[in-house]
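The next block holds one structure in the form of structure tokens; read it before the comments.
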Amino acid sequence: MQEDTRRLLQECNSGCKMAINSMKQVQEYVSEETLRKLIGESIKHHEEYEAESTKLLNENGEQEKSPNPCVTAFSWFTTELKMAMKKEDATMAKIMMDGCHMGIESLAKKLNEFTNASAESRSLTERIIKEEEEFMQQMKPFL
């Protein structure tokens, strides 16, 4: 597997894992059913993207990438702190939007960095970015 392709797929895989963990962490505190459902749908989409990136990596003898433990711990702690201060759906929506922004920024940067990545890996990355953008828009009414 070409290096740019491997690295881009690993970034997608790791980012999806982070997103899924964050959404599950927040979802249990959401009181509004519509918001809970939107988060659940996004979890499902991210699980599909994670599975797709894992499959593409495994087919080429590569391993999936776990999120950085320090980043994961910091993300978890920051989310818990924000929720402890204000357990309102608006807070949960803001946390989700912040996560989307970070995901979009990170994946767009990697997409520009790994210019020689395969068309398939670039397409997956673009679909994840689109999912993040759409999810971010869906969060706005809950602010």
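The values are calculated or read from the model by the stated rules, or taken from the named source; none is laboratory data. In this text, all values refer to a predicted model and were calculated from it rather than measured experimentally. As a convention, Cβ positions derive from the backbone with ideal geometry for all residues, glycine included, and neighbour counts pool all protein chains shown.
Numbers at a glance
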item: Residue match in the range 32-48 (condition: surrounded by fewer than 19 Cβ atoms within 10 Å (Cβ to Cβ), of a type in the set (D, E) and closer than 24 Å to S118 by Cβ); result: yes
item: Within the range 1-113, helices (runs of 4 or more DSSP H) holding 1 or more residues that are closer than 17 Å to E134 by Cβ and touching a residue at least 40 places away in the same chain (Cβ under 8 Å); result: 3-27, 33-59, 89-113
item: Residue count, the range 53-70 (criterion: touching a Leu at 6+ places or on another chain (Cβ under 6 Å) and of a type in the set (D, E, K, R)); result: 1
item: Whichever residue in the range 74-87 is surrounded by 16 or more Cβ atoms within 10 Å (Cβ to Cβ) and of a type outside the set (S, T, N, Q) and, among such residues, is modelled with the highest pLDDT; result: K82
item: Residue within the range 51-65 that is closer than 14 Å to Q25 by Cβ, under 18 Å from the mean Cα position of the chain (by Cα) and either of a type in the set (A, V, I, L, M) or crowded, with 16+ Cβ neighbours inside 10 Å (or both) present; result: no
item: Candidates E47, E41 - the one that is modelled with pLDDT of 95 or more and closer than 14 Å to Q138 by Cβ; result: E41
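Okay, residues lined up against (1) polar (S, T, N, Q); (2) under 15 Å from M23 (Cα atoms):
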position: T79; (1), (2): yes, yes
position: T91; (1), (2): yes, yes
position: I95; (1), (2): no, yes
position: L111; (1), (2): no, no
position: F114; (1), (2): no, no
position: S118; (1), (2): yes, no
position: R122; (1), (2): no, no
position: K130; (1), (2): no, no
position: F135; (1), (2): no, yes
